[in-house]
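Below: the structure, in structure tokens.
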Amino acid sequence: QVRLVESGGGLVQPGGSLRLSCEASRTIFSNNAMDWYRQAPTKQRELVATITSGGSTSYADSVKGRFTISRDNAKNTVYLQMNSLKPEDTDVYYCHGLRWNIHYWGRGTPVTVSS
């Protein structure tokens with residue numbers, strides 16, 4: 001059974017930091033790229049960052065230089081370190097993996113950036 005469980009969201013002031021975690025089943029994590037997406041209620045889901053199984057990373061332009069994606073293969077966990085947070089980063093953040101052309105999603109963790 002494939003499982004993705006996010007944690008680490010919360011309320012933070014502008015300029016602050018949060019670190020999101022996504023613990024994944026080994027079947028989806030091993031040898032697969034993992035992603036973080038985000039979505040506000042009235043918007044389309046947006047790809048935030050991707051990390052390949054080899055550790056190569058890519059980012060949306062809106063978060064480059066502020067967010068860092070990483071993975072711990074021993075723990076089957078992917079992280080998203082978010083620094084210099086802005087109010088427009090307020091969203092629900094979702095962990096995603098793709099295996100055999102099947103998309104797997106976590107339930108999301110909410111992030112609110114507000115003073």
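Here's the list of lysines a cross-link from Lys75 could span, going by alpha-carbon distance under 27 Å and ignoring same-chain residues fewer than 8 apart: Lys64. Computed over every Cα-Cα pair of the chain and binned at 5 Å starting from 0, the pair-distance distribution P(r) comes out as 2, 13, 25, 26, 19, 10, 5, 1, 0 percent.
Think of each Lys and Arg Cβ as +1 and each Asp and Glu Cβ as -1; about the Cα centre, that makes the dipole of the chain roughly 200 debye. Charged neighbours of Glu46, selected by a Cβ distance under 10 Å, balance to +2 (K, R count +1; D, E count -1). The chymotrypsin sites (Phe, Trp or Tyr not before Pro) of the range 48-115 meeting both criteria, a DSSP state outside H, G, I, E and B (loop) and at most 16 other C-beta atoms within 10 angstrom of the site's C-beta, are Trp100. Using equal-weight Cα scatterers in the Debye expression, the normalised intensity of the range 1-43 in log10 at q = 0.20, 0.24, 0.30 Å⁻¹ is -0.81, -0.97, -1.13. Hey, rough spin-label estimate for Thr52 and Thr90, points 7 angstrom out along Cα→Cβ, what's it come to in nanometres? About 3.7 nm, to one decimal.
Ser62 to Thr27: extension gain in nm, 0.36 nm per residue of separation minus the Cα-Cα distance?
Taking Ser62 through Thr27 to full extension adds about 9.5 nm, to one decimal.
Here's the list of aspartates and glutamates a cross-link from Lys43 could span, going by alpha-carbon distance under 13 Å and ignoring same-chain residues fewer than 8 apart: Glu88, Asp89, Asp91.
Every number here is computed from the coordinates shown, using simple stated rules; none is lab data. Everything numeric in this text was worked out from a predicted model, so none of it was measured. Note that we place each Cβ from the backbone using ideal geometry, even for glycine, and neighbour counts take in every protein chain shown.
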